[in-house]
Amino acid sequence: VGADVGAEGEVTTQLAPSRGVLLDVGAGEGEVTTQLARGGSFASVVATEASPPMCRALRAKGFDLVVQSTTIDDVSALARDANVRDLRPDGKFECVSLLNVLDRCDAPFTLLTQLRSLLAPGGTLVLAVVIPFRPFVEDGKTHRPPRERLPLPTNGTWEDGASRLWREVLKPAGFTVKRLARTPYICEGDQRNAAYVLDDAVFVLSADEGADEGVLKTKATCEGADGGADGG
């Protein structure tokens, strides 16, 4: 865990604002969230997580708001209801992080467009994705393909995978890229290995203010329809 904490925390130290609110989506146990919050000197931290045990761990760390959910549909309203300090009146966030979540969610393009809509003007999205991109969704004890399929290769070089992630997903989702870093990501192992070291692409993004919201919503809808058909 230490490797990805350091790398992602360093990116946020350089780029995050000195106030405002951090939203960490899929925060896990909150170790990386803590580093991001410390590096960015945020006034408040909102974390979302689907796992009840991990939500308990997040609350124990004292974050301003922990939302147990598989979606971010209501996160702004919940933050306003909780009177999160320094939250903007429109409920948007100065920094949003999505670290090694995109390849495990059911509707990744839809999630990206939602995150873009949650960014305050001039805000930053810190996105970490393992390359090559090999998505699946945990459905009970089984794994299945996501409902939305991103047009990304499951093999090939890191350079090609990161380039295609930008050209075919992030740019169409309405983002501009500020920085890109290749960092190690140490993930939980299995019966054969105690841990695996993978290659993350860490993008520091901002919203492309010239992107057409209607086009983005249509794109997300089309991706969902295509993914559903492929998934059978």
### Query
For the range 131-189, how many residues are within 16 Å of L111 (Cβ to Cβ), among the hydrophobic types (A, V, I, L, M, F, W, C), surrounded by 15 or more Cβ atoms within 10 Å (Cβ to Cβ) and touching a strand residue (DSSP E or B) at 6+ places or on another chain (Cβ under 6 Å)?
2
### Query
For the range 159-195, how many residues meet the condition of being assigned to a loop (DSSP other than H, G, I, E, B) and closer than 16 Å to L112 by Cα?
4
### Message
I'd like to verify a number: residues in the range 124-157 that are modelled with pLDDT under 95 and of a type in the set (G, A, S), how many?
### Response
1
### Query
So which of L98, L119 is over 16 Å from G26 (Cβ atoms), under 13 Å from the mean Cα position of the chain (by Cα) and of a type in the set (A, V, I, L, M, F, W, C)?
L119
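Scan the range 67-86 for residues that are open to solvent by 30 Å² or more (accessible area, probe 1.4 Å) and in contact with a helix residue (DSSP H, G or I) (Cβ under 9 Å, 6 or more places away or on another chain) and jot them down. Steps first, answer last, please.
Residues of the range 67-86 open to solvent by 30 Å² or more (accessible area, probe 1.4 Å): 68-71, 73-74, 77-78, 80-83, 85-86.
Residues satisfying the conditions are Q68, S69, T71, D73.
Can you confirm whether L170 is closer than 17 Å to V202 by Cα, in contact with a Phe, Trp or Tyr (Cβ under 6 Å, 6 or more places away or on another chain) and in contact (Cβ under 8 Å) with a residue 12 or more places away in the chain? Show your work before the answer.
On the way: closer than 17 Å to V202 by Cα: yes; in contact with a Phe, Trp or Tyr (Cβ under 6 Å, 6 or more places away or on another chain): no; in contact (Cβ under 8 Å) with a residue 12 or more places away in the chain: yes.
In short, no.
The values are calculated or read from the model by the stated rules, or taken from the named source; none is laboratory data. In this text, all values refer to a predicted model and were calculated from it rather than measured experimentally. Backbone-built Cβ (ideal geometry, glycine too); neighbour counts: all protein chains shown. Note: areas computed on protein heavy atoms with side chains; ligands, DNA, RNA excluded. Shrake-Rupley method; radii C 1.70, N 1.55, O 1.52, S 1.80 Å.
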